[in-house]
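A quick write-up on the structure given underneath.
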Amino acid sequence: MTKPSATIAILAALACAAGAYYLAHGLSALGPVSKAAQPVPPSPALTTNLGTASSAAHTTSKTTEPGDRLAPAEAGTSLRPGEVLEFTADVAKLGNVANLRLQIVDRRNFFGRNAWHLQAFARTENPLRMVFELDDQFDSYSDAATLSSLQYEMHLNERGEKQESIQRMTTTGAERAPANVTQTRVVPGTRDPLGLMQYLRTVDWAKTHEVRSPVYDGRKLYDVAARLDGSAQNVMAPAGSFSASKIEIRVFDAGAELKDAHFTLYLAANAAQTPVLLEAVVPFATARVALVKMKPE
């Protein structure tokens, strides 16, 4: 994946406020996505190292541990089928270089599992589109209760080159994947970027100030820690003015925090905890992804 592609992905992923189309891809190596990505072996040490680093920095906040993170939470979920969120992305001093649409398609039976079908669409706009045409689609089938990833799909169309990646998640390696689907082994509780963003919306931040999750971005497994940062703030976006919770997101690779990538997510203080703004600082760009429109209102 090229640097411009990674930048847009970053905008798209974490801005999902629901997950994180851009988080995943912004973290990936800057190479093309394989049509048959290699399985990722589980690495318990990742979660262990993340727990040590995160707890040491924030000892006063209640934090979900791996066992707590997988507890069913759908009874009070803020997610609603048919929701569509539209965002605009600014990079550095360039405004509206890309738009992102996040939607919750429906809740369905996915090979015997109750799952959410989540989608993200990213498209570059002029003037960037004149030099880098991008029309990407991402699909996630995530467990309805925990939002752990069951299947993650990347349908990329960048500069006229199309690439497809469909990965079925497994924690045992014993299941058989259908034709044209890659079986990818991950640690229990792993979420994809879209599932992560939606999961962050289901957290009761008044009671739980920090959560952690393994995240697989289609290429590599990371650990992510999300922490409430202070009291509610007023946030301006094209969609309006919002009172929002500020969530700081830290990313760990093999136990070491990525110091040159920083993400801040703002969730509206409404029943849906709508993501209204995502700020990303990465080595090659500073990005701001802001909510333009939401459906239903």
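Read the figures in this text as sums done on the coordinates, not as results from a lab. These numbers were taken from a predicted model, which means no experiment stands behind them. Cβ: placed from backbone, ideal geometry, glycine included. Neighbour counts: every protein chain shown.
Values computed for the structure shown
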read-out: Extension gain (nm, one decimal) between K220 and R107, 0.36 nm per residue minus Cα-Cα; value: 38.0 nm
read-out: Dipole of region 78-196, positive direction: furthest Cα of V187, A92, M154, with charges on the beta-carbon; value: V187
read-out: Pairs from K93/K259; K220/K293; K162/K220; K93/K207; K220/K246; K93/K246 whose Cα-Cα separation, in the structure shown, is over 30 Å; value: K220/K293; K93/K207
read-out: Additional length obtainable on full extension of the chain from S243 to Q137, 0.36 nm per residue less Cα span; value: 35.1 nm
read-out: Burial order of peptide ranges 141-152, 268-279 (average beta-carbon count within 10 Å, highest first); value: 141-152, 268-279
read-out: Simple label model, 7 Å out from Cα along Cβ direction - R129 to N180, nm; value: 2.8 nm
read-out: Projected label distance in nm at S231 and K259, using a 7 Å step from Cα toward the beta-carbon; value: 3.4 nm
read-out: Mean Cβ neighbour count within 10 Å, used as a protection proxy, ranking 206-214, 194-202 highest first; value: 194-202, 206-214
